[in-house]
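Heads up: the structure comes next, in structure tokens.
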Amino acid sequence: MTTAMTTKTTRGYLKISWHYTMKYNKGIDLVYFPQGSQRSVNDENITHCHYLLYAHDFPKTINEYLESSYGDKGYLEEVKIPYDINNDLAKEILSKSSLTKAQQEKFFNSRFGSVLVPVELIAKEEYFTHWKTWEVGDRDRAIGRTAMSYQITFPLYDKYLEIPYGGIEQEKFYEIYLLILDTYKVLPPNTALRPSRYEVGSLLYQGTYPLEEVAAPLPTSALAYTHSNMDKFIVNLRDQPSKEGKILAQLFSQALKSTPKDLFLEDRKYQGEYNINPLYEEMVTKGRKWFLEDREWGDWVEEMMGFQYYFVRTKQVYYQANKSKLINPLEAKEYLVLVWNIDANNWAKVWILKMLEGYVVHDVIGGRGMLHASYFDDDGPALEDLENYTKTFLESPSKLKLYEGYIHTNGLDYLLPFGGDYIQR
């Protein structure tokens, strides 16, 4: 196995960002933007625009069969990256940066957010992988399922670098280049770097943008959605980070967290035939029927959509029958959860906000929750709608805020970065 050695000194911006996940244990992504890089999705000679930087090496499996296909870069098939691999390096870099001690403390006391630091560095190793399996002919047998899609989160949360909604489900893939750091130097904040522009093709942003915008700091809070198992529709908001805390509101969950293991019977009988649990088949049949009745057009529904819509409708029925017995109940379409911080016991400090008008949360089981105009719509939120919602929140949060309290992260999943950048204020 040969790994490309990168001894060339480069300059650029390093985006230091917390992982946007709903748990206390937080790692840091170091996304490096070399100066002067240009990226065009229509250009065959692409200068790669960003790299994921790591403080030191980590356990990995190299696919030597594919290595030569990618310019002799080590092709990562499996990895095991400690979640805190970059935390000490980030502290060291920020201590040498122009950020004040107060700003550094704000960053490390925040659960979310990012900062930008100009650096000069040399990387000793370079690797390449796909965030999602690339299924092309027989190559999927060679590549397998890359663990990157489980351990690296920035393609989900960065509004410019993210995978567009639907990308995962449609088997698109995301190229990731990784660098192992050798040496670095923090540059003065006024260092003149050659302009860089990037052609972006994320969900909300399409076009060419300057580096300063693509690498801009992320908010120090995040929107989340609630999820639960099939037999539990409600997620409780409490006044203290404890199960003993008083219930302030009861939120009807917006997505399925998981399904009973015995609901699916996938034992293969013959080629192309499977055993089917009668209960699951009944749920899918009813869900498909209700979906078509409510949509009022079309005559076919995917199996999983039928199953999910069964969950949507049964929740609605339960809500109407029991809302008078519940404590400040909110339907799934009425709210979003804003997460400010997460404590060591995985209790999230949250605000409950009014839902972005005209939208609902829709998800793929085991996948990513998304904002849609309806349960029947595949498109994500319009940029203008999201920007207006954010503007309202920043200028007058009381117009959107319904409650505040605590929710255990067992009942939450990440949606998108949201709010303001309170680190460098």
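Taking the average, over residues, of other Cβ atoms within 10 Å as the packing measure, peptides 411-420, 176-185 rank 411-420, 176-185 from highest down.
For residue 121, the shell of other residues with beta-carbons less than 12 Å away shows a net charge of +2, using +1 for Lys and Arg and -1 for Asp and Glu.
Return the subset of 232/257; 15/91; 23/96; 15/124; 8/101 for which the Cα-Cα distance in this structure is over 22 Å, preserving the input order. Mind showing how you got there, number by number?
Details: 232/257 10 Å; 15/91 13 Å; 23/96 29 Å; 15/124 20 Å; 8/101 32 Å.
Flagged as over cut-off: 23/96; 8/101.
Using a 1.4 angstrom probe with every protein chain in place, what is the largest-first accessible-area order of 327, 352?
Values: 327 75, 352 0 Å².
Result of the area sort, largest leading: 327, 352.
In the stretch 284-331, how does Rg compare with the Kirkwood Rh, expressed as the Rg/Rh ratio over alpha carbon atoms? Can you show the working numbers first?
Numbers: Rg = 12.8 Å, Rh = 11.6 Å.
Checking Rg against Rh, the ratio lands at 1.11.
I need the peptides 215-224, 283-292 ranked by packing, meaning the mean over residues of other C-beta atoms within 10 angstrom, with the highest value on top. Don't skip to the end; give the middle numbers.
Working: 215-224: 22.5, 283-292: 18.5.
Averaged packing, sorted descending, gives the order 215-224, 283-292.
The values are calculated or read from the model by the stated rules, or taken from the named source; none is laboratory data. Not measured: the values here are computed from a predicted model. Cβ: placed from backbone, ideal geometry, glycine included. Neighbour counts: every protein chain shown. Only protein heavy atoms, including side chains, enter the accessible area calculation; ligands, DNA and RNA are left aside. Shrake-Rupley method; radii C 1.70, N 1.55, O 1.52, S 1.80 Å.
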